[in-house]
Amino acid sequence: MQLRPLGQTGLQIAPIVFGGNVFGWTADEKRSFELLDAFVDAGFNAIDTADVYSRWVPGHQGGESETLIGRWLAANPARRRQVLLFTKVGMDMGDEHKGLGTLWIERAVEDSLRRLNTDVIDLYQSHRPDPETPYEETLAAYDRLIKAGKIRAFGCSNFDPRQLAEAQHSAQINDLPAYQTLQPEYNLHDRASYDGALRDLAMKLGLGVIAYYSLASGFLTGKYRTEADLGQSARGGGVKKYLTPRGLRILGALDQVSQRHGTQPAVVALAWLIAREGVTAPIASATSVEQLKSFTAAAELRLGENDRALLDQASAPEKG
């Protein structure tokens with residue numbers, strides 16, 4: 001499988017990144033190990049998680065996803081040379097442990113290293129902007145972590161164009177390394193926040209871009225077409241907002257393209273992102289080895305110009 005440079009980080013990643021939010025949530029330890037093994041055996045190499053996963057589950061404290069990945073690596077030490085580990089910091093971990101200040105980053109990175117059972121994190125990301133911490137404080141903390149050999153590169157997630165520009169300007173005037181990657185919400189349905197100024201800036205800066213919610217919480221798989229379908233999974237409630245004329249129009253375009261290629265809508269939705277200029281790789285999750293087959297199919301699918309035009313037109317954000 002052909003690898004892609006992740007911006008200027010020096011990291012080379014396969015066309016799809018595994019979204020590790022499912023580990024310890026909708027995938028138990030046994031299933032998580034099966035998924036990780038199958039993912040790497042298929043030729044993929046990057047796993048994205050966060051310290052806060054899966055704090056939203058009753059009884060969880062955060063760190064469950066990182067812990068399962070770490071146990072998988074402990075059981076399969078050779079796997080560490082085959083994978084790149086991406087994690088994040090900044091979300092509320094309880095007891096005021098949150099944000100992008102120096103003291104919390106220095107503690108949080110040690111916690112993540114321990115849970116992940118590794119000596120170095122390949123990509124450490126600001127999970128969201130922290131208005132209470134100057135950009136230069138955060139960037140200086142990451143600079144020290146790189147020099148200490150605890151992280152290889154760092155990036156940001158959920159930054160808007162202004163915040164990204166301000167952070168990059170702060171790096172420049174303070175002689176600090178700048179963010180190297182961006183993780184925005186982006187998929188065929190949710191295009192408005194990335195397409196335009198943010199995408200233009202990311203491309204201008206040469207950032208590696210890994211898009212999350214690549215399948216719009218499962219809506220772009222095509223299995224949710226009416227409100228009666230929403231009970232099919234725990235995520236169904238979050239899909240109702242997509243059941244609009246525009247959403248159904250996007251599904252119609254996915255149906256046409258997937259039928260043309262003899263594949264599934266999810267495969268086409270991921271392939272559209274893989275082919276999209278300004279995107280290095282989408283992040284996608286799976287809870288079964290069968291679902292993982294769509295990753296390989298998407299990485300291999302080559303959409304034609306007519307395919308892309310149909311999808312672009314159906315998913316164009318509505319004005320007004």
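Only the coordinates and a few stated rules stand behind these numbers; no lab work does. These numbers were taken from a predicted model, which means no experiment stands behind them. Cβ: placed from backbone, ideal geometry, glycine included. Neighbour counts: every protein chain shown.
The DSSP beta bridges internal to the chain are antiparallel in roughly 10% of cases. For a modelled paramagnetic label at Glu166, 7 Å from Cα along Cα-to-Cβ, the residues of the range 104-138 in reach, with backbone nitrogen under 19 Å, are 126-138. Rounded to whole numbers, the Karplus 3J(HN,Hα) couplings from phi for the range 86-101 are 10, 9, 9, 9, x, 6, 5, 9, x, 6, 6, 8, 6, x, 10, x Hz, using 6.51 cos²θ - 1.76 cosθ + 1.60 with θ = phi - 60°, and x at Gly and Pro. Annotated for the chain: lysine pairs at least 8 residues apart or interchain, Cα distance under 27 Å, count 18. Among Asp312, Asp119, Asp48, sorting on how many other beta-carbon atoms sit within 10 Å of each Cβ, with the fewest leading, yields Asp119, Asp312, Asp48. The separation of the range 242-320 from the range 150-211, counted between C-alpha centres, amounts to 23 Å. Which residue, Tyr212, Tyr142, Tyr224, tops the fluctuation ranking in a GNM of the chain built on C-alpha contacts under 10 Å? Largest GNM mean-square fluctuation: Tyr224. In order along the range 157-169, phi translates into HN-Hα couplings of 9, 6, 7, 8, x, 5, 5, 5, 5, 5, 5, 5, 5 Hz, rounded to whole numbers, per the Karplus curve 6.51 cos²θ - 1.76 cosθ + 1.60 with θ = phi - 60° and x for Gly and Pro.
Of the chymotrypsin sites (Phe, Trp or Tyr not before Pro) found in the range 25-115, the ones in coil according to DSSP and having at most 10 other Cβ atoms within 10 Å of their Cβ are Trp56.
Which entry in (i) 5, 24, 30, 20, 11, 5, 3, 2, 1, 0; (ii) 5, 20, 25, 20, 15, 10, 4, 1, 0; (iii) 6, 27, 35, 24, 8, 0 is this structure's computed P(r) over Cα pairs in 10 Å bins from 0, in percent? Structure-derived value, by its label: (iii).
As a proxy for reagent exposure, Thr181, Thr244, Thr221 were ordered by neighbouring Cβ count within 10 angstrom, fewest first; the result is Thr244, Thr221, Thr181. When DSSP beta bridges are restricted to pairs lying wholly in the range 4-183, around 10% turn out antiparallel. Look at the alpha carbon pairs under 8 Å that are at least 6 residues apart: their mean separation over the length of the chain gives a relative contact order of 18 percent.
Residues whose amide H lies under 5 Å from that of Leu207, counting only those 5 or more places away or on a different chain, are absent; hydrogens are built 1.01 Å from N in the peptide plane. Here the Karplus curve 6.51 cos²θ - 1.76 cosθ + 1.60, taken at θ = phi - 60°, turns the phi angles of the range 297-307 into couplings of 4, 5, 5, 8, 6, 10, 6, x, 4, 5, 4 Hz, with x standing for Gly and Pro.
The order of the peptides 87-95, 167-175 by mean Cβ neighbours within 10 Å, most packed first, is 87-95, 167-175.
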